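The values are calculated or read from the model by the stated rules, or taken from the named source; none is laboratory data. Everything numeric here is computed off the predicted structure, so don't read it as measured data. Cβ sites come from the backbone with ideal geometry, for glycine too, and all protein chains shown count toward neighbours.
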Amino acid sequence: MTPLPLEGITVVSLEQAVAAPFATRQLADLGARVIKVERPGGGDFARRYDTTVHGEASYFVWLNRSKESLSLDLKSEKGRKILHRLLVDADVFVQNLAPGAAARLGLDAEQLAISYPSLISCSVSGFGSGSSWSSRKAYDLLVQCQTGLVSITGTPDEVAKAGISVADIAAGMYAYSGILTALFTRATTGQAHPVEVSLFDALGEWMTQPAYYTRYGGTQPPRVGAQHATIAPYGPFAAADGKDVLLAIQNEREWVSLCANVLEQPELAEDPRFATGSARVAHRAELNALVAARFATLGSEAAMQLLDRADIANSSVNTVEDFLNHPVLAERERWRDLDIPGATVQALLPPVRLGAFPARMDPVPAAGEHTEAILTALGYDGHDIAALRADGTTDKERTQS
């Protein structure tokens, strides 16, 4: 079998929740060995976010396939010693501990660089280092609020959060790409550089367009529900059968086609209220009323067929169940079986395909499932492991999540 791109790379991660586990899962997808260090007595608290996937948490199943779980109490001297034995041969160390915790454990980038000069350390935090906010806790929704995302999401009457953990996901993606870059740099220069990512910086990057719009336009983008804040017409409209159809106008050619072939009012293309993108946004209410009136005469399927013939992008407004049954996923064979503790579930393949490399879809571990195997590989015998279980350095027996 063709080796995966990151086979031979070992990642040790003190991770919890979403951001860091998302980064390391993607490294595991590419073949890295990821040792997930979890606290005795339950492990990563994301294991208990919900119990919807055959008793397992949906977040945890998503973020932790293909990893090994090691139960370890890092407050104990013996636990820290085991961790440092792992770091001797590790390539990457990832942590998203509470503010200040890594430094107190001697696991911040500066101290690790002294002991392990070839180790790439990655810190995922809420607000980054070097400010008065560095010591503050930060969770996804809090960061959505701090970056202004919530203020531009929702309807004119009510703000709304993004429906997924967008700040965590952004940070996890940048941690992943940062680690890959650091691995490449180490391979080409011999130097290991630390990686630092914060949820605030990551989501701040994604907020740059509305930030530019606000700073140089004088007002921030309005909350317009599922409409696009700065392009019109771009959003869902109710068809005669009660189903919503989304259409997206991106340029003047599409606008002219919409007027002639869908609205059946070609003269609207030259109407001063709608002749430019900015004018259409300024007169959004009038424009939407015209589109809505036309859609009210069409069934949803007829509306989408008409939009297709006019070469205008469109979509039904799907539910999550619709997504699960989407023909693109079925036709491209995107689903694979994935083992979790006590069951098998369907999981989507990683989104990036690398030539002929196979997709890695190894099981989601139970808490502490690999503790004995990892300790044995480090040279601990059965008596040693029993003693570590007895004094609480690791779980007394493998935890079933």
Quick one: how many residues across region 191-216 are among the aliphatic types (A, V, I, L, M), surrounded by fewer than 19 Cβ atoms within 10 Å (Cβ to Cβ) and not in a helix (DSSP H, G or I)?
1
Quick check, is residue 188 surrounded by fewer than 18 Cβ atoms within 10 Å (Cβ to Cβ), more than 21 Å from the chain's Cα centre (by Cα), assigned by TED's automatic domain parsing to the domain that holds residue 146 and in a helix (DSSP H, G or I)?
yes
Considering residues of region 357-398 that are assigned to a helix (DSSP H, G or I) and acidic (Asp, Glu) only, the residue surrounded by the most Cβ atoms within 10 Å (Cβ to Cβ):
372
Note: among 33, 48, just one is out of contact with any Lys or Arg (no Cβ under 7 Å at 6 or more places or on another chain), basic (Lys, Arg) and at pLDDT 95 or above, namely 33
Inside region 328-356, the number of residues satisfying the requirement of being surrounded by 11 or more Cβ atoms within 10 Å (Cβ to Cβ), among the hydrophobic types (A, V, I, L, M, F, W, C) and touching a residue at least 40 places away in the same chain (Cβ under 8 Å) is 6
Meets criteria (assigned by TED's automatic domain parsing to the domain that holds residue 140, in contact with a helix residue (DSSP H, G or I) (Cβ under 7 Å, 6 or more places away or on another chain) and outside any loop (DSSP other than H, G, I, E, B)) for residue 269:
no
Based on this model, can you work out whether residue 350 counts as in the same structural domain as residue 163 (by TED's automatic domain parsing), farther than 26 Å from residue 247 by Cα and either of a type outside the set (A, V, I, L, M) or at pLDDT 95 or above (or both)?
no
Show the residue pairs meeting these rules: Cβ distance below 8 Å; 6+ apart or different chains; first residue within region 68-89 and over 23 Å from residue 118 (Cβ atoms) and in the same structural domain as residue 361 (by TED's automatic domain parsing); second residue assigned to a helix (DSSP H, G or I) and among the hydrophobic types (A, V, I, L, M, F, W, C).
78/388
Exactly one of (1) more than 30 Å from residue 55 (Cβ to Cβ); (2) not in a loop (DSSP other than H, G, I, E, B) is unmet by residue 347. Its number?
(1)
The one condition residue 62 fails out of (1) in a helix (DSSP H, G or I); (2) closer than 23 Å to residue 30 by Cα; (3) in contact with a strand residue (DSSP E or B) (Cβ under 6 Å, 6 or more places away or on another chain) is (3)
If I filter region 105-126 down to residues being assigned to a helix (DSSP H, G or I) and buried (at least 20 other Cβ atoms within 10 Å of the Cβ), which single residue comes out as farthest from the chain's Cα centre (by Cα)?
112
Sort through 91, 73 and tell me the only one that's surrounded by 18 or more Cβ atoms within 10 Å (Cβ to Cβ) and under 25 Å from the mean Cα position of the chain (by Cα).
91
Return the pairs, sorted by first residue and then second, in which the second residue is not polar (S, T, N, Q), the first residue lies in region 184-204 and is free of Cβ contacts under 8 Å to residues at least 12 places away in the same chain, the beta carbons are less than 9 Å apart, and the residues are 6+ apart or on different chains.
185/120; 185/192; 185/193; 191/117
Could you list all residues from region 321-351 that are within 26 Å of residue 67 (Cβ to Cβ) and aliphatic (A, V, I, L, M)?
324, 329, 338, 340, 343, 345, 347, 348, 349
Set 279, 260, 313, 275: member being under 17 Å from residue 227 (Cα atoms) and over 34 Å from the mean Cα position of the chain (by Cα):
279
Filter result (in a helix (DSSP H, G or I), in contact (Cβ under 8 Å) with a residue 40 or more places away in the chain and exposed (fewer than 12 other Cβ atoms within 10 Å of the Cβ)) within region 292-327:
309
